[in-house]
Amino acid sequence: MKASTLLLSFALGLASVGAATAQTTAPLADCAPGAIERPLPEYPITLRKTHVTTGLAQVAICIDAEGKLADILVIRYTREEFATATVNALKKWRFTPAIRNGVPVTAQTELTFHFENTGMVVVDDVSSIVETFLHGDMRNTIITYKPATLQELDRIPTPITATAPRYGRDLSEKGIHGSVLVEFFIDEKGAIRMPAVLKADHPELASLAIEAITTWKFEPPLCHRQPVLVRAQQVFKFEPGKPQP
């Protein structure tokens, strides 16, 4: 895979990403990860006696094949205190892993928490979020942290390390070929976070794509010269006879 081709593909992937949405399904999984114990976050003590009466925090989480919380990424909030409370609570949750073809697998999901000074509601679908903002108490709420869009970036993030997937001759000879669409975040340090397969022509190709992209590293995405979080997509194409680096 040539560097110029990689950069072009990545630019197209970034351009195709829309607004962040909350999801509770794991790509390519028959059963999404679930929570068997989920103590809810407490309303931040520092905000209880202030004019702040509502808030929101959205996180992406990775649950491994053993049902353990492997990673947490804050992707949206109205106040940092709500994000902190959410992360602290999630560290106490117990999960069941996603299932694909009867086998536990690692998967990502997103959760949105709506805070109120008298309680809190977990929002886990797009329609609920829209309803909350249009008709609930969140209408005038300002999101102070969220992933930047391509248009907001100073320039397309430059890959420092971007190794192509290991597409061996054995898979080619078996007729296993096609494409894989992976969605992921690039954090403020240029690291890949929460890679998830959205679409794949074959499970083995999906595994190769994830294995490769987790090793990628970028220059920090910049917006007005400040590092920001970015949601992106990358298409990997596996074609027999194509030379691999």
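Values quoted throughout were computed directly from the atomic coordinates according to the rules given, and no laboratory measurement underlies them. What you are looking at is a predicted structure, and each value in this text was computed from that prediction instead of being measured. Here Cβ is always computed from backbone atoms with ideal geometry, including for glycine, and neighbour counts include all displayed protein chains.
If Lys and Arg each add +1 and Asp and Glu each add -1, what is the summed charge of the other residues whose beta carbon sits under 12 Å from the beta carbon of D71?
Numbers: positive: K68, K91, R193; negative: D64, D187.
Around D71, the surrounding residues sum to +1.
Between L198 and C223, the distance separating the two model label sites (each 7 Å from Cα on the Cα→Cβ line) works out to 1.8 nm.
For the residue pairs K146/K199; K68/K237; K146/K217; K91/K146; K92/K189, the alpha carbons lie more than 29 Å apart in K68/K237.
When the chain is fully extended, how far beyond the present Cα-Cα distance does T163 get from N101, taking 0.36 nm per residue of separation? Walk me through the intermediate numbers first.
Details: separation 62, 0.36 × 62 = 22.32 nm, distance 2.89 nm.
Extending this stretch completely gives an extra 19.4 nm.
When each of D64, D187, D154 is scored by the number of other beta-carbon atoms lying within 10 Å, the sequence from fewest to most is D154, D64, D187. On full extension, the segment bounded by H51 and A70 gains 3.3 nm, given 0.36 nm per residue less the C-alpha separation. Compared with the direct C-alpha span, the chain from E42 to R155 gains 36.8 nm at full extension, assuming 0.36 nm per residue.
Which order do L208, L153 fall in if you start with the one that has the fewest other Cβ atoms within 10 Å?
Details: L208 22, L153 16.
The order, fewest Cβ neighbours first, is L153, L208.
Once the other residues with Cβ under 11 Å from the Cβ of M194 are scored (Lys, Arg +1; Asp, Glu -1), what is the net sum? Intermediate values should be presented prior to the final figure.
Working: positive: R193, R231; negative: D71, E110, E183, D187.
Surrounding charge for M194 is -2.
Rounded to the nearest 0.05, the FRET efficiency derived from the C-beta distance between K174 and V235 at R0 = 25 Å is 0.70.
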